[in-house]
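Structure first, then comments.
The values are calculated or read from the model by the stated rules, or taken from the named source; none is laboratory data. No experiment lies behind these values; they were computed from the predicted model shown. Reconstructed Cβ throughout: ideal geometry from the backbone, glycine too, with neighbour counts over all protein chains shown. Keep in mind that these areas ignore ligands, DNA and RNA; they rest on the heavy atoms of the full protein, side chains included. Shrake-Rupley method; radii C 1.70, N 1.55, O 1.52, S 1.80 Å.
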Amino acid sequence: MSQPLGVSELLREAAARVPDRPAVIEGARRMTFRELDAECSRLAQGLVSSGIGPGVRAALLVPPGLEFVAVTFALFRAGAVPVLVDPGIGWRNMGRCLAEAEPEAFIGSPKAQLARWAGSWASASLKTCVTVGPRLWGGGSLAALRRRGRSGAPPAAWALPNAAAAILFTSGSTGAPKGAVYTGEIFAHQARMLREHFHIEPGGFSVPTFPLFALFDVALGLSAIIPRMDATRPARVDPREIIGPIQSYGAVQLFGSPALLDAVGRYGQRYGIALPSLLRVICAGAPMPASVMARIVRMLPAGAQVHTPYGATEALPVACISSSEVLGETAELTAQGRGVCVGRAWPGMKVEVIRISDEPIARWSPDLAAAEDEVGELVASGPVVTREYFRKPEATALAKIPDPEGVRHRMGDLGRIDAQGRIWFYGRKSQRVAAPGETLFTIPCEAVFNQHSKVRRSALVGVGLWGAQVPVLCVEAESGAEPDRVRAELLALARQYPHTRSIRTVLFHPGFPVDIRHNAKIFREKLAVWAKEHMA
């Protein structure tokens, strides 16, 4: 039996509960929940009448803002399948992702349409193009969709429970981007889990600095304030563009990556800024350094927490930990090289540790389990785990473990689970360093060196053949650092810990290559190539 798409129904529910509250605020522009719900119905009817209806894949490349939110919800309501690719992954990767997804429709800004034309993106599969903004040439427009939708009844958003509702491409931080297939049920479970865990009530203001999180804000009845920033360059944000809206609207929630929150925290510390309205700060995308967390906490009122959910595009959320536990206990263990604690499994989710393997696993078995407290690969199961990558059976086979109780996702992350049930992250499986006689894990090693006051961040890479790699520490230093002195002090630190003693090479890098989406995941594969060249 068919059922309503969760995301579309959540918007209708929010519109019924807080109809006159602003749903989206973008500068001087705003739209209430009642208006947004009506706009989505008009656009959905226009989409269907234009051939962008149930099951039709539609690439969406629109900047964060009111139109992005409205069109995304309209696509869900029309039963279409949004294809979401981060524009920051680069020209070639964008073309490759769209070629794999084979969208029949392309909805984008004038800039995106120009790029599509120049790169011949998905030219073999596209049947319909819609420009959000001034049209540079033919095709449809958002205004035309709206006009067509006024004359028809809003469509009922129906889909089979396991039918594709969206295709979300991964950031490609440790490999080629892949399209994770989402169902309506997954989105509905995600919204429910966020609402229950964070006790989110409709009616508050939120500042989401990642476009997709703005959708969850609106679905849960929060007013999403779209900050003025380049969402593809979060580390370059002007902190005043984040702090200003929080103070002006009395925002109760802020979502950002570690790099963005680092900029906000440093600014707040410099000028003694407090944010008394915030009930919670949510940080995702990469491990949040304790120093960054501490600066943010000092800006918050008593009792407010920084929460760091753990997960991936293919399975989110999986676990969560709050600042009180990190700063009160786990940060000290992290500094000793015990990994980064990402908390306990989210209610409804299950996390297990299996022995490290780079091969596909044909079926789940308890025999795969790693020994107690052994570092292995983290595996997640539960209602938000995606079942497959779009048209990538080999990648699906490597990442998914079939199980009669439901597919399990291999996170590609290494870690362990302690006696208290807490999950400790040790780094990406593909980025471990296989040196003669030992395997070095990135996060525990880097944590030792990140304690140094002149180290902004560090990255461990391996140079050479697998099994005989030379471990190299790459360092992005704070301003004013003296390389020779810092290198000597870091090597002295390395000798103090068994798991870092084999690190004898330190190289200084002007600015790490990082993922565009969160500006936090370090492309260690690129750094390894750079390190090899600078060691020669």
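Shape call for the stretch 191-261 from the C-alpha gyration tensor, a ≥ b ≥ c root eigenvalues: rounded (a/c under 1.5), prolate (a/b greater than b/c) or oblate?
prolate
By how many degrees, between 0 and 90 and to the nearest 10, does the Cα long axis of helix 33-49 differ from the longest principal axis of the chain?
It is inclined by approximately 70 degrees.
Can you tell me the dipole magnitude for the stretch 381-471 around its Cα centre, using point charges on the Cβ only (Lys, Arg +1; Asp, Glu -1), in Debye to the nearest 20?
Computed charge dipole of the stretch 381-471: roughly 300 debye.
So how much slack lies between L327 and A488, counting 0.36 nm per residue of separation and subtracting their Cα-Cα distance, in nm?
55.1 nm
Heavy atoms only, probe 1.4 Å: what % of the accessible area of the stretch 304-420 goes to carbon and sulfur, would you let me know?
Taking all protein chains in place, the stretch 304-420 shows 51 percent carbon and sulfur surface.
Counting heavy atoms of the protein chains only and a 1.4 Å probe, report the per residue accessible area for the chain as a whole number of Å².
42 Å²
Just to make sure I understand: if all protein chains stay in place, what is the order of Y310, Y267, Y249 by accessible area at 1.4 Å, largest first?
Y249, Y267, Y310
Please say if the stretch 333-376 is rounded, prolate or oblate, where rounded means a/c under 1.5 for a ≥ b ≥ c the square roots of the C-alpha gyration tensor eigenvalues, and otherwise the choice is prolate for a/b larger than b/c and oblate otherwise?
Oblate shape, in that a/c is at least 1.5 and b/c is the bigger or equal ratio.
Pop out the ³J(HN,Hα) list for the stretch 285-299 in order, Karplus 6.51 cos²θ - 1.76 cosθ + 1.60 with θ = phi - 60°, rounded to Hz; leave Gly and Pro as x.
Karplus-based 3J(HN,Hα) across the stretch 285-299 equals x, 5, x, 9, x, 4, 5, 5, 4, 5, 5, 5, 4, 5, 8 Hz.
Report the relative contact order of the chain, percent, no decimals, based on alpha-carbon pairs under 8 angstrom and at least 6 residues apart.
11 percent
In the set (1) 189; (2) 162; (3) 154, which value of volume of the Cα convex hull per residue in Å³ was calculated from the structure you see?
Correct label is (3).
From the phi of every residue in the stretch 254-269, what ³J(HN,Hα) in whole Hz does the Karplus formula 6.51 cos²θ - 1.76 cosθ + 1.60 yield, where θ is phi - 60° and glycine or proline is x?
9, 10, x, 7, x, 5, 5, 5, 4, 5, 5, x, 5, 5, x, 5
Scan the chain and hand back the longest stretch that contains none of the GluC sites (Glu not before Pro) lying in DSSP loops with at most 13 other Cβ atoms within 10 Å.
Here the longest run is 1-371.
Angle, helix 6-17 long axis vs. longest principal axis of the chain, Cα atoms, 0 to 90°, nearest 10?
70 degrees
List the lysines whose alpha-carbon lies under 16 Å from that of K350, not counting same-chain residues fewer than 8 positions away?
By straight Cα distance, K350 reaches K400.
Put +1 on the Cβ of every Lys and Arg and -1 on every Asp and Glu Cβ in the stretch 182-331; which of Y310, S324, A263 then has its Cα farthest towards the positive end of the dipole?
A263
Got a sec to turn the phi values of the stretch 51-63 into Karplus ³J(HN,Hα) couplings, 6.51 cos²θ - 1.76 cosθ + 1.60 with θ = phi - 60°, whole Hz, x for Gly and Pro?
x, 9, x, x, x, 7, 7, 10, 5, 10, 10, 10, x
Starting from the Cα-Cα distance between R30 and M535, subtract it from 0.36 nm times their residue separation and give me the gain in nm to one decimal.
Separation in residues times 0.36 nm, less the Cα-Cα distance, equals 176.4 nm.
Please work out whether the stretch 1-142 counts as rounded, prolate or oblate from its C-alpha gyration tensor, where a ≥ b ≥ c are the square roots of the eigenvalues and a/c under 1.5 means rounded, while otherwise a/b larger than b/c means prolate and anything else oblate?
Cα axes put the stretch 1-142 in the prolate bin.
List the lysines whose Cα lies under 26 Å from the Cα of K532, skipping any in the same chain that are fewer than 8 positions away.
K429, K454, K521
Please list, ordered by chain and number, the residues whose modelled amide H lies under 5 Å from the amide H of A122; skip anything fewer than 5 residues away on the same chain.
The list, which skips near neighbours in sequence, is A99.
About its Cα centre, how strong a charge dipole does the chain have in debye, to the nearest 20, once Lys and Arg get +1 and Asp and Glu get -1 at the Cβ?
Value, rounded to 20: 1280 debye.
Can you list the lysines whose alpha carbon sits under 24 Å from that of K127, skipping same-chain ones fewer than 8 residues off?
Correct list for K127: K111, K178, K392.
With the dipole of the stretch 375-534 worked out from charges on the C-beta (+1 for Lys and Arg, -1 for Asp and Glu) around the Cα centre, which of T396, A459, T439 lies farthest toward the positive end?
After comparing all options, I get T396.
May I ask for the angle, rounded to the nearest 10°, between helix 110-119 and the longest principal axis of the chain, with both axes built from Cα atoms and the value confined to 0 to 90°?
70 degrees
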